[in-house]
Structures are given as structure tokens and as C-alpha cells.
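Here the structure is laid out as C-alpha cells; the discussion comes afterwards.
The values are calculated or read from the model by the stated rules, or taken from the named source; none is laboratory data. Treat the numbers as computed from the prediction; the structure is a model and nothing was measured. Here Cβ is always computed from backbone atoms with ideal geometry, including for glycine, and neighbour counts include all displayed protein chains.
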Amino acid sequence: MDKKHQHKLFLRAVIFDCDGILVDTEPLHYRAFQKVLAPLGLAHSFEHYMEFFIGFDDRDAFLHSFKEGGRDLDSTTLETLIAAKALALQEQIQHGVPTFPGVVELVRELAREGTPMAIASGALRHEIRAFVKSLGLDGAFCAMVAADDVRKSKPDPETYIAAIERLKLAMGWTDLDAASCIAIEDTPAGIESAKLAGLYVIAVTNSFEEKELHAADHVVASLAGLDYLGMSRLLEIGRRA
């Protein structure tokens, strides 16, 4: 058995977070949120957003905003705000979506190696599709779990548990051990979600400093330093440990 085939026994799939990993969308999300929140007197600074809102899906972000403002938020109004924010974000996306170094190259290499990939994100499904299309990666991911698909957002493990199940369905597998999958995350909430679901986690310091990502199995400064064999070896070492 050659070394590359041997590594395939360890690494069966890779699951990517979206915001902060595939695309640098936090400034876009921030501006979209402010367009909705400012008329309500609930606007806040980008620094405040980065400190308190990273890792939230839209639902939790609005709930947190209203809680900070000491105001109640009923379910009907919440759904209206989420729809308004989604529209504002679409306007932002039309001007282009920035990514991070090494992202497109890594996804394409994993695709060449035949490694199944999924997305597990707190963003809405139509947003993720727009982001993936903007990167020219249509068809690279065989499964996706978005905020629309779960009842509990990260750090709850539901998102990653669902991603594993959808990968099994997409690949026609009868079983897929979460420990043979790598999650790529950028937030403490995302790391906790993936770890609770049983995945090996590589964290990237795109949104938080390394010390805040200590719960991950491995931390890197950029995806540009990762490749298929390197990730496979990390997983192999982690499983044997």
C-alpha cells in the first residue's frame, strides 16, 4: 500500500466553516447588520461586533443585539429582521467577496485527491451558495449544512452531526466515523461544536488569536500552509495519540 493510499484510511472527509474560513465576510455581515439595526437605535461598532458577535448565526446575533439594548424580540419580528439582513448582505455580495490565502488552492487540491468536502456554517444557505460561486468553487462540496437546517447553532454540535450524516448520504456510505474527518474553523464556538461532534479540528487565526483557539487540535495562521498529505498526517498522529 502506497503512503498516499494509506493516509486515505485516516482522512475520509474535510468539513469547512464558511464565514472566516472560506470567505472574509465579517465586514460584509457587519455592514448588513448595521443597516438593519441602526434605524432601531441598536447600532454598534465593528470592534464590538468582532468581540461579541463572531460565531453567532443571524438569529442569535439579533437576539444578542436586543438583549444588549434591554429590549424584547418576538419571533415574528425576528424573522422579519433576518430577512432584511439577508437582503442587505446580498447587496454587499454583488460587489465581490474576499477570501483568504490558500483557500481556493486547498479546496481544489482536496478535490483532486478525491477527498469529500462539506460546509458546516451558521450562515444562511443562499448566502453560502453565493459565496462559493464567487470563489469559483461550484461543485466542490458534496454536502452543506446551513443555519436554515438546524435548530441549535454552534457551539451546539448539531451542525457538524448533520454534516456527517449528509456526507454519508451524498457518498453512499453506510458509516462515517467523525474521528476520521477534519473540521476547519476560526472561532471558539465553531471549535467546540466540531469537537463535541467528535471531529479533529484545525483552527485558523483569521478571526481570533491563537491563545483563544487553544481547544483546537492544531492551529495555523493560514490555510496556505496546509495540503492534503499534511492534513492527513496531522489526523493520523492525532488519532494515534
Extreme residue, surrounded by the fewest Cβ atoms within 10 Å (Cβ to Cβ), among residues of the stretch 164-188 that are within 12 Å of residue 120 (Cβ to Cβ) and out of contact with any Phe, Trp or Tyr (no Cβ under 8 Å at 6 or more places or on another chain):
165
Residue count, the stretch 201-241 (criterion: in contact (Cβ under 8 Å) with a residue 24 or more places away in the chain, closer than 19 Å to residue 23 by Cβ, in contact with a helix residue (DSSP H, G or I) (Cβ under 8 Å, 6 or more places away or on another chain) and not in a helix (DSSP H, G or I)):
5
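For the stretch 164-200, how many residues meet the condition of being outside any strand (DSSP E or B), in contact (Cβ under 8 Å) with a residue 12 or more places away in the chain, of a type in the set (D, E, K, R) and under 19 Å from residue 11 (Cβ atoms)?
Residues of the stretch 164-200 that are outside any strand (DSSP E or B), as a first pass: 164-180, 186-199.
Now drop any that are not in contact (Cβ under 8 Å) with a residue 12 or more places away in the chain, which leaves 164, 166-167, 169-171, 176-180, 186-199.
From what's left, of a type in the set (D, E, K, R): 166, 177, 186, 192, 195.
With the extra rule that they be under 19 Å from residue 11 (Cβ atoms), the set shrinks to 166, 177, 195.
The qualifying residues number 3.
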Can you tell me which residue is surrounded by the most Cβ atoms within 10 Å (Cβ to Cβ) among those in the stretch 214-239 that are in contact with a Phe, Trp or Tyr (Cβ under 9 Å, 6 or more places away or on another chain) and not aliphatic (A, V, I, L, M)?
232
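Which members of the stretch 144-163 meet the condition of being among the polar types (S, T, N, Q) and either outside the structural domain of residue 210 (by TED's automatic domain parsing) or not in a helix (DSSP H, G or I) (or both)? Can you show your working first?
Within the stretch 144-163, the subset among the polar types (S, T, N, Q) is 153, 159.
Answer for the stretch 144-163, where residues must be among the polar types (S, T, N, Q) and either outside the structural domain of residue 210 (by TED's automatic domain parsing) or not in a helix (DSSP H, G or I) (or both): just 153.
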Hey, residue 185 in contact with a helix residue (DSSP H, G or I) (Cβ under 6 Å, 6 or more places away or on another chain), within 25 Å of residue 27 (Cα to Cα), modelled with pLDDT of 95 or more and charged (D, E, K, R) or not
yes
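Taking the residues in the stretch 24-52 that are acidic (Asp, Glu) and under 30 Å from residue 136 (Cβ atoms) as candidates, determine which candidate is modelled with the lowest pLDDT. Give the steps one after another, and end with the answer.
Initially, the stretch 24-52 is screened for residues acidic (Asp, Glu), giving 24, 26, 47, 51.
With the extra rule that they be under 30 Å from residue 136 (Cβ atoms), the set shrinks to 24, 26.
Working: 24: 92, 26: 85.
Checked the stretch 24-52; the qualifying residue modelled with the lowest pLDDT is 26.
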Quick one: in the stretch 115-128, which of the residues that are part of a loop (DSSP other than H, G, I, E, B) and within 13 Å of residue 58 (Cα to Cα) is farthest from the chain's Cα centre (by Cα)?
124
Being more than 18 Å from residue 23 (Cα to Cα), acidic (Asp, Glu) and free of Cβ contacts under 8 Å to residues at least 40 places away in the same chain is the filter; apply it to the stretch 118-163 and report the residue that is surrounded by the most Cβ atoms within 10 Å (Cβ to Cβ).
158
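Go over the candidates 58, 74 one by one and state the one that is more than 12 Å from residue 36 (Cβ to Cβ) and not assigned by TED's automatic domain parsing to the domain that holds residue 230.
Values: 58 fails: more than 12 Å from residue 36 (Cβ to Cβ).
One residue alone meets the criteria, 74.
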Consider residue 55 against the criteria (1) surrounded by 16 or more Cβ atoms within 10 Å (Cβ to Cβ); (2) more than 26 Å from residue 238 (Cβ to Cβ); (3) modelled with pLDDT under 95: it satisfies all of them except one. Which criterion is unmet?
(2)
Hey, residue 21 part of a loop (DSSP other than H, G, I, E, B) and either at pLDDT 95 or above or surrounded by fewer than 14 Cβ atoms within 10 Å (Cβ to Cβ) (or both) or not:
yes
Would you mind listing the helices (runs of 4 or more DSSP H) fully within the stretch 38-114 where at least 2 residues are in contact (Cβ under 8 Å) with a residue 24 or more places away in the chain, within 20 Å of the chain's Cα centre (by Cα) and closer than 27 Å to residue 224 by Cβ?
75-93, 103-112
